[in-house]
């Protein structure tokens, strides 16, 4: 399995807003909004997982994704998509028992958010 990490930033100011992880194989998608204590677990429709699979085959851009990109649609509420920049950050291999995937990804995401301390590089 592979976990993909993303940074989310305010389009106008560049200020960091969140970190996110998507793991296609585990059907996991969550956002850690800065300043929030709870993770924002995303419910993703089956058709959207298929669209993500196609996007991963093509490859994620090295720049921010368009507001209509499936990654943006999964991670950002519809009313905020035009003002939030989503940037792919890294791929992380994941080799854990299926029963622990969500627990491990949640911990990684919390760790990313804690380390950034309000600083997300939207480059």
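The table that follows gives values for the structure above.
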{"item": "Matching label, percent of Cα pairs over 23 Å apart computed from the structure shown, candidates (i) 24; (ii) 32; (iii) 37", "result": "(i)"}
{"item": "The chain - mean residue ellipticity at 222 nm from DSSP helices (-39,500 (n - 2.57) per run, n ≥ 4, rounded to 500)", "result": "-9000 deg cm²/dmol"}
{"item": "Cα centroid separation - region 1-35 against region 37-74, whole Å", "result": "10"}
{"item": "Theoretical gain in end-to-end length, residue 58 to residue 99 [0.36 nm per residue, Cα-Cα removed]", "result": "11.8 nm"}
{"item": "Which of 49, 108 has the fewest Cβ neighbours within 10 Å, and the rest in rising order", "result": "49, 108"}
{"item": "The chain: relative contact order as a whole-number percent, Cα under 8 Å and 6+ apart", "result": "38"}
{"item": "Burial ranking of peptide ranges 18-30, 78-90 (average Cβ count within 10 Å, highest at the top)", "result": "18-30, 78-90"}
{"item": "Most mobile of 59, 35, 16 in a GNM of the chain (Cα contacts under 10 Å)", "result": "59"}
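We did not get these values from a lab; they are worked out from the coordinates using the rules stated. The model shown is predicted, which means the values in this text are computed figures rather than measured ones. Heads up, the Cβs are rebuilt from the backbone with ideal geometry, glycines too, and the neighbour counts pull from every protein chain shown.
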